[in-house]
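This report concerns only the one structure given below.
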Amino acid sequence: MNYEISLMTTMAISVLFALSLNLITGFCGQISLGHAAFLGIGAYLAAMLAKAGVPFLLTLPLAMLLAGAVGTVVGLTSLRVRADFLAITTMGVGFLFVGIIRQREWLGGELGIAGITGSNMSKLGYMLFTVLCAILVMALCIYLRRSWMGRVFNGIAEDEDTMRVLGINVPRYKLAAFAIGTALAGLTGALYAYHFQYIGPDSFGFVESITVLSMVVVGGIGSVAGVTVAAALLSALPAWFQFIGDYKLLVYGSLLFLMIRFVPDGMAGLVRRHLGKRRAEERGK
Amino acid sequence: MSAMASSLSTGPLLEVDRVTVRFGGVLAIDDVSFTVLRGDLLGLIGPNGAGKTTMLRAITGVVQQERGSVRLSGRPLDGMSIERRIRLGMALSQQLVKPFRDISVADNVALAAAYRKTLSPLRALLSLSQSAERRVAGELLERVGIARHAEDNPAVMPLGVLKRLEVARALALQPQLLLLDEPLAGLNSQEAESLATTISDINAQGVTIVLIEHNLREVLRICKNLVVLDNGRKIAEGDPKTVMHLETVRAAYLGSGAGDERRNRQHRGSDDA
C-alpha cells in the first residue's frame, strides 16, 4: 500500500508541475524549455527552510513567491523574443540554474540535500494533501480559462500582434502568465522536496523540462483535463516500466517529437475529433 | 464617447505634423502633414506604393517615424506603444483580416469590447461575466450587417463577412478615431457599396474616420475630405471634387486623362498599353 500511496503522490506532483507549464505554454502560447528550474527553486528553498526549522505550511507560499519572482524576471528578459528564441532563452535559464546549484556548497553542490522532513504528515495524509493541491490548481486553471484573462491569453497565443491592435498590453499579460506559472512550479517544487526528502541538481535539469513539456503536448496544449491525464499517466510509466526510467530523455523526447509531428493538439484533440466525428455520423443518420 | 469628446475639445482630433518614415534607404513617407477634424471622414488615397498604409502604421505606432510628430487631441503619441495609442481612442481595421479562428465571430467582437476589463491582467482575472460584451458584439454585428453569422467560426467565413467583422471589432473599442485600411478590398461592387454605406453611417453617428481605399467610386461617394499621397509625398488635399480635378492628382493617380479607376487599373495591368 505504501508503494501505491507514494506513486499517487508522485503523480499528483507531476500533474501540478504539468499544469503550471500548461498555463504558460498552453494558455498563453509562450514555450519554455527550462521550466524545471522553477521546480528546483521551489524545492531548494523549501529544503533550506525545512532544515532551518520553518514550518511546512509557511514554506509553501515562500517557495511560490521566490519562484514566481524569479519567473517574472526571466519573463521580463524574454519579452523581446518569440517562439524559437524564447525556447533557447528559457533553456539557457534551465542550464544556468543547474550550473549554479552544482557550484554552491551551501546548496549541497553535486551531492544535493538529503533528509528533508517537517511536513509532519503520514504518507497517506501527505498524498491527500498533494492531491488536494492538484485539484485546487486544476480548478484555478479552469476558472482562469473562463475569465477574461484566459480569453486574452488565448488571443496572445494565436496572434499577439492583433491583440496589440485591440489595445491589449501583451507584455503585461505574458509576465502574468510567467509569474503565475512559475509560482505554481515553485509550489510543486516544495511539495516535491518534502515528498522525496532528497533533492539534487539532476532532479531539475533539461531532462525534467523536456519530460514536463511532453506531458503538456501529449495531453493537448492548453487542455486542463488532457494535461492532467497525460501527466498522471506519463509520471507513472517509469514506475511500471523500468526501461523508461533508464532512457527518460529518449522516451519523452521521442514522444514529444512524434506528438508534435502527428498529433499537434494532443489527446484532447484526438478525443474532440473522435467525438466530433461520432456526432457528425449520428447527425448523418 | 466621440460626441462627448468633441464637446470637450474643439481642436483637430488627429494632427500629422511633418512626418518622415524611412525603411533603410527607402523614403516611404516624406515630410507629410495633415489634420483630421472631429467628425471628418477623410479618404487617404494614392496609387500603390504611395505610402498610405505606412502612414497609417506611423499613426498607430507599428512603425516609428524618423522625424515629425503625430498628435491625438493635441497629445503627442511619439514613442508610445501601439496598445497605449489604441487605449487613447484609436482603432485600426487592418487590410489583411486577422480574426481569431478558435472563437466565434461574436466572441471576436466581444474580446475587443471587453477593453475595460482587459486593461490589466488582474482585472481580467477577476472578471468572468461576458454578457455585456456579448450584447455589444450583437449590436455591432447588427450594425455592420453580419448578425446572422454571430455564432459561426471565422475560419470558414467568406472575405465579405470577415471584412465587416474587422470593422465591428474596431468599433467595439469605442474609438474616437477609426482607421480603416482598405476595408472594401476584395469585395464585389455590391458588397463594397453596402459596406461603404455602413462606414458612412458610422461616421454620421459621430466617429471620425480615416479611410484608405482604392475603390475611388466609393471614396468619392462617402468621403468628406481627401489627402492624396504619391511616392511618399502629399500632393493634394481638400474636398473630393476639387482634389480630383487637380492636374497633379490626375497625372499621378489616374494616369493622363483616364476617368474611370477600373479602366485605369486594367490599363496599368496590361503594362504596355
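The values are calculated or read from the model by the stated rules, or taken from the named source; none is laboratory data. None of the values given here were measured: they were computed from a predicted structure. All Cβ positions, even for glycine, are placed from backbone atoms using ideal geometry, and neighbour counts span all protein chains on display.
Values as computed for the structure displayed
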| item | result |
| --- | --- |
| Search result, residues across region B:179-203 that are in contact with a helix residue (DSSP H, G or I) (Cβ under 6 Å, 6 or more places away or on another chain) and within 14 Å of chain A (Cβ to nearest Cβ) | B:L179, B:D181 |
| Residue match in region A:170-178 (condition: over 15 Å from the mean Cα position of the chain (by Cα), free of Cβ contacts under 8 Å to residues at least 12 places away in the same chain and either within 14 Å of chain B (Cβ to nearest Cβ) or at positive phi (or both)) | yes |
| Conditions (1) assigned to a helix (DSSP H, G or I); (2) more than 16 Å from the chain's Cα centre (by Cα); (3) closer than 17 Å to A:G186 by Cβ; number of the one not met by A:L39 | (2) |
| Residues that are part of a helix (DSSP H, G or I) and farther than 23 Å from B:Q176 by Cβ, drawn from region B:88-116 | B:V105, B:A106, B:D107 |
| Test: residue in region B:133-150 that is at pLDDT 95 or above, out of contact with any helix residue (DSSP H, G or I) (no Cβ under 8 Å at 6 or more places or on another chain), among the basic types (K, R) and farther than 26 Å from A:A176 by Cα | yes |
| Residues (at the interface with chain B (Cβ under 8 Å from one of its Cβ atoms) and under 16 Å from B:A110 (Cβ atoms)) located in region A:141-162 | A:R146, A:S147, A:W148, A:M149, A:R151, A:V152, A:N154, A:G155, A:E158, A:T162 |
| Selected residue (criterion: surrounded by the most Cβ atoms within 10 Å (Cβ to Cβ)) from residues of region B:101-113 that are touching a Leu at 6+ places or on another chain (Cβ under 9 Å) and farther than 16 Å from B:L179 by Cβ | B:V109 |
| Qualifying residue in region B:56-69 (condition: touching a Pro at 6+ places or on another chain (Cβ under 6 Å), modelled with pLDDT of 90 or more, more than 8 Å from chain A (Cβ to nearest Cβ) and under 30 Å from B:T20 (Cα atoms)) | yes |
| Hits in region A:100-111 - residues which are buried (at least 19 other Cβ atoms within 10 Å of the Cβ) and not in a helix (DSSP H, G or I) | A:G108 |
| Region B:127-149, subset more than 10 Å from chain A (Cβ to nearest Cβ) and small (G, A, S), residue surrounded by the most Cβ atoms within 10 Å (Cβ to Cβ) | B:A137 |
| Test result for A:I116, within 22 Å of A:F204 (Cα to Cα), touching a helix residue (DSSP H, G or I) at 6+ places or on another chain (Cβ under 9 Å), away from every other protein chain (no Cβ under 14 Å) and part of a helix (DSSP H, G or I) | no |
| Failed condition for B:R38, given (1) touching a Pro at 6+ places or on another chain (Cβ under 9 Å); (2) outside any loop (DSSP other than H, G, I, E, B); (3) more than 14 Å from chain A (Cβ to nearest Cβ); (4) crowded, with 21+ Cβ neighbours inside 10 Å | (2) |
| Hey, B:A124 among the small types (G, A, S), surrounded by 21 or more Cβ atoms within 10 Å (Cβ to Cβ) and either facing chain A (nearest Cβ under 8 Å) or free of Cβ contacts under 8 Å to residues at least 12 places away in the same chain (or both) or not | yes |
| Filtered residues of region B:51-77 (kept if of a type in the set (G, A, S), in contact (Cβ under 8 Å) with a residue 60 or more places away in the chain and surrounded by 17 or more Cβ atoms within 10 Å (Cβ to Cβ)) | B:G51, B:S73 |
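One line per residue, one yes/no per condition, for (1) farther than 21 Å from B:L184 by Cα; (2) within 14 Å of chain A (Cβ to nearest Cβ); (3) surrounded by 21 or more Cβ atoms within 10 Å (Cβ to Cβ):
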position	(1), (2), (3)
B:P47	no, no, no
B:G79	yes, no, no
B:L88	yes, yes, no
B:P99	no, yes, yes
